[in-house]
Amino acid sequence: MTCIAHASIPADNPELVAKVLAEIMQGEATPFPPAGPNSWMAWSGDGEVELEIAPRGHVLAYGPEEAYWTPQNQGTRLSETHLAICVARPAEEIIAIAARAGWPARACDRGGGLFQLSEVWIEGAFMLEFLDPAQTARYREAVTPQNWKRFLQSIQGAEAAAR
């Protein structure tokens, strides 16, 4: 079985972010001391997903024996990274919870109707995508290695035709 056991994300207010994400995932939030005194974890209700929320600017570094967390000068609040998380909560509730936290959130249609999801911008800076049960089913049906290869072939064909 292949799965992502946990992921770490940055936040200005790790405790609040962990609590809001735990609510979306119908789980709980707990402190996460390994990343520093202000770090938190958000657990899904089924215990299958664990998100580590570290203070923005605390980065992982390669240490002599294992990785360690260290402060770094902050260049930007934006990130190259995002995650898509499948949850039991309906899309409307996900967006409402994010809005209550003051975060930008919206329903999105990816790939021109290929699949839908809720785009949630944690503290307006870090994107998480959430898929409710119906969206998860459609995503798993639409986004497969075989379908991706067909998509790549179609855009290569379109590029060749445009030349």
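Label Ala134 and Cys108 with points 7 Å out from Cα along Cα→Cβ: what is the distance between them in nm?
2.0 nm
Find the Cα radius of gyration of the chain, compare it with 2.2 N^0.38 Å by division, and give the number to two decimals. Let's see the in-between values first.
Numbers: Rg = 17.9 Å, N = 163, 2.2 N^0.38 = 15.2 Å.
Dividing the Cα radius of gyration by 2.2 N^0.38 Å gives 1.17.
Taking θ = phi - 60°, what integer Hz values does the Karplus form 6.51 cos²θ - 1.76 cosθ + 1.60 yield along the stretch 150-162, in sequence order, with x for Gly and Pro?
Each residue's phi maps through the Karplus curve to give 5, 4, 4, 5, 5, 6, 5, x, 5, 5, 5, 5, 6 Hz.
Restricting to DSSP H runs of at least four residues, report the calculated mean residue ellipticity at 222 nm for the chain, -39500 (n - 2.57) per run over all residues, nearest 500 deg cm²/dmol.
Values: 4 runs with 49 residues, N = 163.
About -9500 deg cm²/dmol.
Of Ile155, Ile85, Ile94, how do they rank once you tally other Cβ atoms within 10 Å and put the fewest first? Show your work: numbers first, answer last.
Values: Ile155 9, Ile85 21, Ile94 27.
Placing the least packed residue first, the sequence is Ile155, Ile85, Ile94.
Tell me which residues come under 5 Å, amide H to amide H, from Ser8 once H is placed; ignore anything under 5 positions away on its chain.
Close amide H contacts, sequence-distant or interchain: Glu52.
Short version: what are the Cα gyration tensor semi-axes of the stretch 29-75, square root of 5 times each eigenvalue, largest first, in whole Å?
Details: eigenvalues 97, 34, 16 Å².
Largest first, the stretch 29-75 gives 22, 13, 9 Å.
Contact order normalised by length for the chain, with contacts defined as Cα pairs under 8 Å and 6 or more residues apart; what percent is it? Could the numbers behind the result be given before it?
Working: 285 pairs, mean separation 28.4, N = 163.
Rounded, it is 17 percent for the chain.
Which Rg and Dmax, in Å, describe the Cα atoms of the stretch 74-119?
Cα-based Rg and Dmax for the stretch 74-119 come out at 12.6, 37 Å.
Quote the FRET efficiency, to the nearest 0.05, computed for Glu15 versus Ala67 with a Förster distance R0 of 30 Å and r equal to the Cβ-Cβ distance. Each step should come with its number before you reach the end.
Values: r = 23 Å, r/R0 = 0.76.
Calculated transfer efficiency: 0.85.
If you average the alpha carbon positions of the stretch 87-157 and of the stretch 1-30, how far apart do those two centres end up, in angstrom?
17 Å
In Å and on Cα atoms, what radius of gyration and Dmax does the stretch 97-163 show?
So, for the stretch 97-163, Rg and Dmax equal 15.6, 49 Å respectively.
Using the 10 angstrom Cβ neighbour count as an exposure proxy, how do Leu152, Leu131, Leu60 rank, fewest first? Don't jump to the answer; show the numbers that get you there.
On the way: Leu152 10, Leu131 21, Leu60 13.
Ascending Cβ contact count within 10 Å gives the list Leu152, Leu60, Leu131.
Would you grab the residues whose amide H sits under 5 Å from the one on Ala84? Only those 5+ places off in sequence or on another chain, please, with H modelled 1.01 Å from N.
Those lying under 5 Å, H to H, from Ala84 are Glu129.
Pick out which of Ala29, Ala142, Ala98 has the largest mean-square fluctuation in a Gaussian network model of the chain, springs linking Cα atoms closer than 10 Å.
Ala142
With each label point set 7 Å from Cα along the Cα-Cβ vector, what nm distance links Leu60 and Ala5?
Computed distance between label sites Leu60 and Ala5 equals 1.2 nm.
If each of Arg77 and Ala161 carries a label point 7 Å out from its Cα toward its Cβ, how far apart are those two points in nm?
Placing both labels 7 Å along Cα→Cβ, they lie 4.3 nm apart.
Count neighbours as other Cβ atoms within 10 Å of each site's Cβ, and list the GluC sites (Glu not before Pro) in the stretch 1-64 that are DSSP loop with at most 15 such neighbours.
Details: sites: Glu15, Glu23, Glu28, Glu48, Glu50, Glu52; in loops: Glu48.
Sparse-neighbourhood loop GluC sites (Glu not before Pro): Glu48.
Whole-Hz Karplus ³J(HN,Hα) for the stretch 24-29, in order, using 6.51 cos²θ - 1.76 cosθ + 1.60 and θ = phi - 60°, x for Gly and Pro?
4, 8, 6, x, 9, 10
No value in this document is a laboratory result; all are computed from the given coordinates. Remember, predicted model here, so these are calculated numbers, not experimental data. Positions of Cβ are generated from backbone atoms using ideal geometry, with glycine treated the same way; all protein chains shown enter the neighbour counts.
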